[in-house]
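Worksheet: one structure, shown below.
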Amino acid sequence: MTAHEKLEIPEVRSKVSPEEWQLRVDLAAAYRLVAMFGWSDLVFTHISARVPGPAHSNDHHFLINPYGFLFDEITASSLVKVDLAGNKVMESPYPINPAGFVIHSAVHAAREDAHCVLHVHSANGVAVSARKEGLLPISQQSIFVMSNLGYHDYEGVALLEDERPRLVRDLGTNTYLMLRNHGLLTVGSSVAEAWVAMYLFESACNIQVRAMGAGAANVDNLLMIPQDILDGGMRQMKEATRGQGAGLVWPGLLRKLDKADPSYRT
C-alpha cells in the first residue's frame, strides 16, 4: 500500500457466521476505543480474539489486526483470521505481524478462558512497569487489578518462541499482566471484558504516575490501601457492577463510538 492510497477492504460479512461477525464488530470497536482513549502505539500492539467454535478444539482460529492499519482505521471486515501459528485461514489482502502474535498465541494456547487478549504500550503503563515496585495500591482502580496481577520481566522485543512458556507462567490464572519495561496485557472471556480490564489497568497506572509526579516520588509519601481491602477487590467489583461486569458499560462505549464514527461496523 502506497502513500495516499485508499484502503480497499473486501466485504466479509456474507462469508462468516453471525457469531463471527458480531465478534468482528466487537473487536473492531475495541481497536477504535483503544485509539480514542489514547493507548495506541501507532500500529505496534494488538488485540486478538478467538473465533467461536467447538469447545476444546485443537483447531481454533483467531482474529487480529491487519499490520499497517492505524487502530482508528480498523473495521470488522478488515480483521484477519489466522490459526494458532499466525497463518491466514481466510483470504485477506493484508498481512499480519507474526512477531506480534507471539504473545497472543501463547496466551490463547494456554488459557481456554482467554477468548480475548489485549496488549498496549500506553505511556502510563510503560512508566509504571519500569519502576521496581510496579503497581501500587493507592487508588480504587488499583484494588480491582492487584488481586489478579502478574509480572513478566523484559526479554527484548517479543520475537522468540522460547519466551512463551515464561510469559504464560507469569500470567498464570490472572486477568492482568504487567510486562516490565514494555506495557500492559489483559485477558477476558469476551472483548468487552478484556477492554474494560485494560481501562482499569491503565487508569490505575495513570493515577500512580500523577501521584508520584506531584511531590510523591518517594513511595513513603503515598497512602497505601490496606491488604484486607485489596483482598476483597474482585468481590467489590461484582457488587459495584451488580454482577454485570463489563457488560454494564460496553453498550455505552459502543454508543459513544457510533456517535463519533460507526464505520468500524463495516
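Rounded, prolate or oblate for the chain? Axes are the square roots of the Cα gyration tensor eigenvalues, ordered a ≥ b ≥ c, and the cut-off for rounded is a/c under 1.5.
prolate
Remark: the residue 72-residue 85 segment gains 2.1 nm on full extension, using 0.36 nm per residue and subtracting the alpha carbon distance. Candidates 130, 250, 157 compared by Cα position along the dipole of region 16-260: farthest toward the positive end lies 250, with charges placed on Cβ. Taking 245, 150, 125 as the candidate residues, the one with maximal mean-square fluctuation in a Gaussian network model of the chain, Cα springs under 10 Å, is 245.
Round to the nearest 10 and give me the degree value, 0 to 90, for the angle of helix 250-260's Cα axis relative to the longest principal axis of the chain. In the chain, helix 250-260 runs at an angle near 60 degrees to the longest axis.
What aspartates and glutamates sit close enough to residue 132 to cross-link, taking a C-alpha to C-alpha distance under 19 Å and skipping anything fewer than 8 places away on the same chain? Within the straight-line limit of under 19 Å, residue 132 reaches these aspartates and glutamates: 153, 155, 170, 202, 220.
Here region 16-260 is treated with +1 on each Lys and Arg Cβ and -1 on each Asp and Glu Cβ, and its dipole about the Cα centre works out to around 480 debye. Using only Cα atoms and rounding to the nearest 10 degrees, what angle (0 to 90) does helix 191-212 make with the longest principal axis of the chain? With both axes taken from Cα atoms, the answer is about 40 degrees.
Report, in degrees rounded to the nearest 10, the 0 to 90 angle that the Cα long axis of helix 101-110 makes with the longest principal axis of the chain. Roughly 80 degrees between the two axes. In this structure, residue 110 and residue 13 have a Cβ-Cβ separation that, at R0 = 41 Å, corresponds to a calculated FRET efficiency of about 0.85. In the chain, helices alone account for a calculated mean residue ellipticity at 222 nm of -11000 deg cm²/dmol, with every DSSP H run of four or more residues adding -39,500 (n - 2.57). Of all DSSP beta bridges confined to the chain, the antiparallel ones make up roughly 85%. In this structure, residue 219 and residue 255 have a Cβ-Cβ separation that, at R0 = 35 Å, corresponds to a calculated FRET efficiency of about 0.30. From the Cα gyration tensor of region 92-218, with a ≥ b ≥ c the square roots of its eigenvalues, which class applies: rounded if a/c is under 1.5, or else prolate if a/b is larger than b/c, or else oblate? It is prolate, given that a/c is not under 1.5 and a/b is the larger ratio. Residue separation of residue 229 and residue 263 scaled by 0.36 nm, minus their Cα-Cα distance, works out to 8.0 nm of gained length.
None of the figures in this text is laboratory data; all of them are computed from the coordinates on show. Since we're looking at a predicted model, the values are computed, not measured. Reconstructed Cβ throughout: ideal geometry from the backbone, glycine too, with neighbour counts over all protein chains shown.
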